[in-house]
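What follows is one structure encoded as structure tokens, with my remarks underneath.
The values are calculated or read from the model by the stated rules, or taken from the named source; none is laboratory data. These figures come from a predicted structure and were not determined experimentally. Neighbour counts run over all protein chains shown; Cβ positions are idealised from the backbone, glycine included.
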Amino acid sequence: MTEILRQQEMKPSDWERLSASLNRGELAVLPSDTVYGLGCLATIPRAIERIYEVKRREQKKPVALVFTGAEQILTLVPELPETISSALGRLLPGPITAIIPFDEGTGGIRVHGGGSIGVRIIPPPAGDIYLNLPGPLAITSANLSGQADAAAIEQIPDEVLDTCGFVLDNGSCGQAIPSTVVDLRPLAEGGTPAILRQGSMDLMEILERLGS
């Protein structure tokens, strides 16, 4: 039976066990500022493929990577155009998944991105848990493809929960709406970011953060 850990009761030894589980390639359910996610260590390809199997997710749909700071993103993708790296600094952390250029396989990471990758920095307090975990983590919503997102553990299907090494319960997520997906790649050519999925942050706030 999958072990459920309550964040407010976590001891150092619990964080160590959860980290060890992720390092072994096991999946975990983790909270965020928007909805619960199903995640794994991004550098373990078989774990990423397991996410696709569990969710019955189409291979053409990439999963996002969660980082703890913009410097981690720039370390993984150091050749980002300045316009894109600047936009990342203005938009993140926040309820946004930013799409940036990425060569599949860089850093041992293969997320079916097709030349791009989605990146997230989850704001505190939800984002603080990721400071205690190895990363980056590949994360997608903790549901079956096509079903509703889960804002609480009780809303996650058992067939998802049962595949995980651990489930980290932090109560109800604040937003209960998935992150807004914004494509920053047009900035490299002087273009305008494009909203690929409307979520927790609307276009006006995005443009305000970007100074547009």
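Observations
- Matching residues, region 31-53, being among the aliphatic types (A, V, I, L, M), buried (at least 23 other Cβ atoms within 10 Å of the Cβ) and closer than 19 Å to residue 150 by Cα: 35, 38
- When restricted to residues that are part of a strand (DSSP E or B), in contact with a Lys or Arg (Cβ under 8 Å, 6 or more places away or on another chain) and under 20 Å from residue 119 (Cβ atoms), region 156-212 contains 2.
Table: residues versus (1) over 25 Å from residue 29 (Cα atoms); (2) at pLDDT 95 or above; (3) out of contact with any Asp or Glu (no Cβ under 7 Å at 6 or more places or on another chain); (4) surrounded by 15 or more Cβ atoms within 10 Å (Cβ to Cβ).
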{"position": "67", "(1), (2), (3), (4)": "no, yes, yes, yes"}
{"position": "77", "(1), (2), (3), (4)": "yes, no, yes, yes"}
{"position": "107", "(1), (2), (3), (4)": "no, no, yes, no"}
{"position": "135", "(1), (2), (3), (4)": "no, no, yes, yes"}
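- The number of residues in region 3-30 that are of a type in the set (S, T, N, Q), surrounded by fewer than 16 Cβ atoms within 10 Å (Cβ to Cβ) and at pLDDT below 95 comes to 1.
- Just one of the listed residues (142, 194) is closer than 18 Å to residue 26 by Cβ and touching a strand residue (DSSP E or B) at 6+ places or on another chain (Cβ under 6 Å), and it is 142.
- Selection within region 29-49 - closer than 23 Å to residue 76 by Cα and either in contact (Cβ under 8 Å) with a residue 60 or more places away in the chain or in a strand (DSSP E or B) (or both): 30, 32, 37, 38, 39, 40, 41, 42, 43, 45, 47, 48
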